[in-house]
1. For the range 89-141, name all the residues that are touching a residue at least 60 places away in the same chain (Cβ under 8 Å) and at positive phi.
2. Looking at the range 98-199, what helices (runs of 4 or more DSSP H) fall wholly within it and have at least 1 residues that are touching a His at 6+ places or on another chain (Cβ under 9 Å) and closer than 30 Å to Ile58 by Cα?
3. If Thr112 passes every condition in (1) within 20 Å of Pro33 (Cβ to Cβ); (2) within 26 Å of the chain's Cα centre (by Cα) but one, which one does it miss?
4. Could you please let me know if Arg161 is farther than 30 Å from Gln7 by Cβ, among the charged types (D, E, K, R) and free of Cβ contacts under 8 Å to residues at least 24 places away in the same chain?
5. Could you give every pair whose Cβ atoms fall below 9 Å, whose first residue belongs to the range 43-55 and is over 16 Å from His25 (Cβ atoms), and whose second residue is hydroxyl-bearing (Ser, Thr, Tyr) and buried (at least 18 other Cβ atoms within 10 Å of the Cβ), counting only separations of at least 6 or pairs across chains?
6. Tell me, which helices (runs of 4 or more DSSP H) lie completely within the range 1-83 with 3 or more residues that are within 30 Å of Pro139 (Cα to Cα) and modelled with pLDDT of 95 or more?
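The values are calculated or read from the model by the stated rules, or taken from the named source; none is laboratory data. Computed from a predicted structure; not experimentally measured. Every residue, glycine among them, receives a Cβ derived from its backbone with ideal geometry; neighbour counts consider all protein chains shown.
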Amino acid sequence: MLPRNLQPENFTAYPPQARKLALDHIEAMRGLPLTFLPSLLREVIEYDFKFPAEQTSIEMELSTIAALSPSQAKEWFQQFQSISISPQLESFDWVNSPSQFLEQQSAYLWSTHQLDAFRNAATEYGARLQAAITPKPLPAPRLGIAIIGAGVSDYDQPLFRNLRSHGTFFTQVKPENGLQLLLAAAARRAETHAAPFAH
């Protein structure tokens with residue numbers, strides 16, 4: 001099956017929110033090349049299980065694609081259109097198994113020396129999408145905490161030496177009650193920014 005033949009019943013097995021999202025954008029998806037659409041469907045099919053920020057990102061991507069004029073869509077996806085795939089891939093159930101399709105597509109592109117062309121098409125698409133979308137600001141800057149060394153009594157090698165030039169290195173940190181202090185700080189942050197999954 002090709003994208004132009006998509007029908008609402010093709011999305012019956014999708015989780016409820018993903019199915020609604022796909023049906024809301026089915027017309028736009030019908031115009032996408034088969035060499036591209038399964039990558040997008042891999043994200044859509046998992047929509048119900050993603051964090052709100054990731055869901056918003058998928059919604060914005062689909063809305064951006066749907067808003068393209070025919071000439072813009074041709075320009076955005078012409079490199080994907082020029083990539084050929086096998087009849088076996090065309091007949092694969094790429095709607096319900098997009099990840100498996102992408103694995104087989106990668107192998108086929110590699111064997112037919114088209115992987116570089118696909119990578120170039122994907123890079124250009126990503127740049128166009130990034131330029132077209134203004135992301136919503138997060139309610140709080142992202143925070144990453146790594147707790148390393150449980151059960152290690154002694155270690156004398158420089159930790160994260162390759163990353164130090166890109167961040168801050170504190171030499172006077174006292175590890176006593178460190179876990180409790182970090183958990184308390186995370187709890188205070190969650191109270192201040194109460195939006196679910198906003199951290």
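1. None; the set is empty.
2. Once the helices (runs of 4 or more DSSP H) in the range 98-199 are filtered for at least 1 residues that are touching a His at 6+ places or on another chain (Cβ under 9 Å) and closer than 30 Å to Ile58 by Cα, what remains is 178-192.
3. Evaluating Thr112 over (1) within 20 Å of Pro33 (Cβ to Cβ); (2) within 26 Å of the chain's Cα centre (by Cα) leaves (2) as the failure.
4. Details: farther than 30 Å from Gln7 by Cβ: yes; among the charged types (D, E, K, R): yes; free of Cβ contacts under 8 Å to residues at least 24 places away in the same chain: yes.
Against the criterion (farther than 30 Å from Gln7 by Cβ, among the charged types (D, E, K, R) and free of Cβ contacts under 8 Å to residues at least 24 places away in the same chain), Arg161 qualifies.
5. Note: pairs meeting the criteria are Glu54/Tyr47.
6. It comes to 16-24, 37-44, 52-67.
Residue-wise test of (1) in the same structural domain as Ile83 (by TED's automatic domain parsing); (2) among the acidic types (Asp, Glu); (3) loosely packed, with under 15 Cβ neighbours inside 10 Å; (4) at positive phi.
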{"site": "Gln7", "(1), (2), (3), (4)": "yes, no, yes, no"}
{"site": "Asn10", "(1), (2), (3), (4)": "yes, no, no, no"}
{"site": "Ala18", "(1), (2), (3), (4)": "yes, no, no, no"}
{"site": "Leu21", "(1), (2), (3), (4)": "yes, no, no, no"}
{"site": "His25", "(1), (2), (3), (4)": "yes, no, no, no"}
{"site": "Pro38", "(1), (2), (3), (4)": "yes, no, no, no"}
{"site": "Glu43", "(1), (2), (3), (4)": "yes, yes, no, no"}
{"site": "Glu46", "(1), (2), (3), (4)": "yes, yes, no, no"}
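Quick grid of which residues meet (1) farther than 23 Å from Leu40 by Cα; (2) touching a Phe, Trp or Tyr at 6+ places or on another chain (Cβ under 8 Å):
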{"residue": "Ala121", "(1), (2)": "no, yes"}
{"residue": "Ile133", "(1), (2)": "no, no"}
{"residue": "Lys136", "(1), (2)": "no, no"}
{"residue": "Gly144", "(1), (2)": "yes, no"}
{"residue": "Arg161", "(1), (2)": "yes, no"}
{"residue": "Gln180", "(1), (2)": "yes, no"}
{"residue": "Arg189", "(1), (2)": "yes, no"}
